[in-house]
Amino acid sequence: MKFFLTLFLIISSFVCLSQRGPASISSAANLPGGSNGFSGGTNNFLNLNTGKWIKNNNKKLDIEGTTYLFNKWNNVVVINSYDGKQYKLRDVNFNLKTNGIEAKLSDNTQDSVFIFNSGSINYFSINNKKFVKKIIVKEKNSFFVEELNNDEKLKLFKYYQIGIIQGSFNPMTQKKTSNDKFEKKVAYYIEENNKEKKLKEIRLSRSYALQYMKDRKSEIKSFVKKNNLSYRKEKDFIRMINYYNSL
């Protein structure tokens, strides 16, 4: 009886958000079987269909750092599902290893996280970063990547990954003298409006910039020189693309 009462309270606390925009923020605590909060009614969060609770393996690894994009969990996310629903919640993070959104128990007394079913998510925004699902040619699969500009002509995306830097090893004692560390890595991808909607990897460089904007090469070079921009800086590269899209 106690279980059904708890389940009822969890489901009735869910908050579905209409297309007019989120009305309130739910805690990442009232997930199925957890303590974080989303929605009620026929359009409740269960329609996102959901995901599962798993143990947070980060706590058990002797590796410094984290596999998550943000160091803290006090983040707010707005999730847009493929069926046109929108959900807003807090106490979440983006796992770079699994390329998925996860929620954490708000009381921090548990070592479990709730992994959302990415197949139900069209796109989401977290801490002013918008992530969309795109096919990456090199990986031969679709992933959530950060959208760096919203023009249709030429679009730039950032793909976050996680790697491990090996700790120091003493060959004499055959023991490690320092722990391994997680390392956040990024790769940049471009999408051309007049081509198939698949991302191709690029580097932030002069050669790649002029390759994809070759029909306006002279204008781009003049714009870079006039504004003292660097081809290797992300914010400058975005400015070049936005300028190109305006021509």
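Each value in this text was obtained by applying a stated rule to the coordinates, not by laboratory testing. Fair warning: this is a prediction, and the values are worked out from it, not measured in the lab. Note: ideal-geometry Cβ built from the backbone for every residue, glycine included; neighbour counts use all protein chains shown.
Within 10 Å, count the other beta carbons around each residue, average over each peptide in 85-97, 203-215, and list them highest first. Each step should come with its number before you reach the end.
Working: 85-97: 21.8, 203-215: 14.9.
Answer by packing, highest mean first, reads 85-97, 203-215.
What nm distance separates the two modelled labels at E234 and V186, each placed 7 Å from Cα along Cα→Cβ?
The modelled label-to-label distance comes out at 0.1 nm.
May I ask for the distance between the Cα centers of the range 79-93 and the range 138-167, given as a whole number of Å?
About 20 Å separates the Cα centre of the range 79-93 from the one of the range 138-167.
Rounded, prolate or oblate: which fits the range 183-247 when a ≥ b ≥ c are the square roots of the eigenvalues of the alpha-carbon gyration tensor, with rounded for a/c under 1.5 and prolate only if a/b beats b/c?
Values: a/c = 2.12, a/b = 1.18, b/c = 1.79.
Here the range 183-247 falls in the oblate category.
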